[in-house]
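Asks: Below are the structure tokens for one structure; questions will follow.
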Amino acid sequence: MDPDLWLECINCHEKFDAKKMIYTCEKCGHLLDVKYGNLERALDGDWKNKPVSVWKYSPFLPQLKEVISLNEGKTNLYHCFNLSDKLGINNLLVKNEGENPTGSFKDRGMTVGVSVAKSLENKIVACASTGNTSASLAAYAAKARINCVVFIPSGKIALGKLAQAMMYGAFILAIKGNFDEALELVQESCEKFHMYLLNSLNPYRLEGQKTIGYEIIDQLGWQVPDTIILPIGNAGNISAIYKGLLEWREIGLIDRIPRMIGIQAEGSAPIANAYKRGEKTVTFVEKPETLATAIRIGKPVNWEKAIRAIYGSEGLADTVSDAEILEAQKTLARTEGIFVEPASASTIAGLKKLIEKGEIERDERVVCVTTGHGLKDPDTAIKSCGETIQVEADINEIEKILSKIIEKPMVAHAV
Ligand SMILES: Cc1ncc(COP(=O)(O)O)c(C=O)c1O
Ligand SMILES: [Zn+2]
């Protein structure tokens, strides 16, 4: 066993060789974490002075000979003064993960996951996906010259994401079932047909994703925010960020962990429902529903890690309705010029609700992680915004219409 890197069960703490292609504990079946024997290596070295990016934090990532990268990470952290005013808080930031190369945070996980897949000499990588994972894996597999198979719930992924996976050359299986069924099938297929699984069940994916938390603190001049809010689907991201921050606290780079707040859509909320009941085990949702297709997941594989993140950080989980998500999506776009997909807007909807409930205070420094770009799902955006104005190509006709709105202040057609 490599003394610097191994896999460890989060339940029975059995250790496994880092090169072993397993995704759950062989002894008890629970999830695995990637563990490092020498994180102190980060205390010397000049990595802190480099510009932010996923691989800036390589002392906290597996050491690999070859890295497959599309220049992921380094997404902007926006100070949202207009939205802060509207919501009645003082210090709101948005970490916009839609600015990654394929338009979602998944790229952070895939640069690490696909690099590991390559170092383990895999010829085929696979995933099940609500859309973004397939787009990202397809792109990184293309760059790595590895074949890629994706399982998607037929008819339930946003158009932009499907276009991406197709264009990057993935072999796409549209399963006549939901995401949870697709995930079970891809796991079985990986075992049977020797493909390497790159869903967030794969602990290396989460290693890349933990750099969201690192970048936030780095971009704040090494200050820790009070609260991080993010959407929960399969629950990999919240688990990853929390794990990364625990590692930083362990070696003294930070002295506290922000409250981790997870938001789920009402119809797909196994983790938030467990939290509301004060429970630490999760009852799965058999038929998850929400228009935020990225988080339309009823059996989140990382639920155990997410529960650890929420309770361990004294955070919380809550639900929002589809109507609240759509309203928040517009509000963010029309106050800050940031266009995100519905799943990502759930963080803003959740923030609004939690301010109203008094769970978030005026002076808290809050970071909302918006996980995917708005252009991923143009259909939902167009439906939610209504009709465009049809007009003859004639200046007099244009004058008639403009005269009706020209006197109105901008905010009239905002939110
Ligand atoms: C845009 C977007 N937000 C959030 C999520 C949920 O992330 P996680 O599965 O890590 O909870 C996904 C997952 O597909 C996503 O695509
Ligand atoms: Zn175990």
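Asks: Among the residues of the range 1-11, write down those that are in contact (Cβ under 8 Å) with a residue 40 or more places away in the chain, part of a strand (DSSP E or B) and under 24 Å from the mean Cα position of the chain (by Cα).
Replies: Leu7
Asks: What helices (runs of 4 or more DSSP H), lying completely within the range 133-227, carry at least 2 residues that are acidic (Asp, Glu)?
Replies: Passing ranges, in order: 179-193, 211-219.
Asks: May I ask you to list pairs of residues, at least six apart or on different chains, whose Cβ atoms are under 7 Å apart, with the first in the range 12-23 being under 19 Å from Asn199 (Cβ atoms) and the second being within 12 Å of ligand 2 (Cβ to nearest atom) and among the β-branched types (Val, Ile, Thr)?
Replies: Listed pairs, sorted by first residue: Phe16/Ile22.
Asks: Pick from the range 284-304 the residues that are over 16 Å from Ala128 (Cβ atoms), touching a residue at least 40 places away in the same chain (Cβ under 8 Å) and of a type in the set (A, V, I, L, M): which of them is surrounded by the most Cβ atoms within 10 Å (Cβ to Cβ)?
Replies: Applying the filter and picking the extreme gives Ala292.
Asks: If you take the residues in the range 16-27 that are over 15 Å from Leu201 (Cα atoms) and exposed (fewer than 13 other Cβ atoms within 10 Å of the Cβ), which one is nearest to ligand 2 (Cβ to nearest atom)?
Replies: The extreme case among them is Lys27.
Asks: Let me ask something else about it. Give all pairs with beta carbons closer than 9 Å in which a residue from the range 34-54 that is modelled with pLDDT of 95 or more meets a residue that is among the aromatic types (Phe, Trp, Tyr) and assigned to a strand (DSSP E or B); count only pairs at least 6 apart in sequence or on separate chains.
Replies: That search, which allows pairs on different chains as well, returns Val34/Trp6; Lys35/Trp6; Tyr36/Trp6; Gly37/Trp6.
Asks: Which members of the range 233-283 meet the condition of being surrounded by fewer than 24 Cβ atoms within 10 Å (Cβ to Cβ), outside any helix (DSSP H, G or I) and not aliphatic (A, V, I, L, M)?
Replies: Gly252, Asp255, Arg256, Arg259, Arg277, Gly278, Glu279, Lys280, Thr281, Thr283 - these are the residues of the range 233-283 that are surrounded by fewer than 24 Cβ atoms within 10 Å (Cβ to Cβ), outside any helix (DSSP H, G or I) and not aliphatic (A, V, I, L, M).
The values are calculated or read from the model by the stated rules, or taken from the named source; none is laboratory data. Bear in mind the structure is a predicted one, so any value in this text is a computation, not a measurement. Don't worry about glycine lacking a Cβ; one is built from the backbone with ideal geometry, like all the others, and counts go over all protein chains shown.
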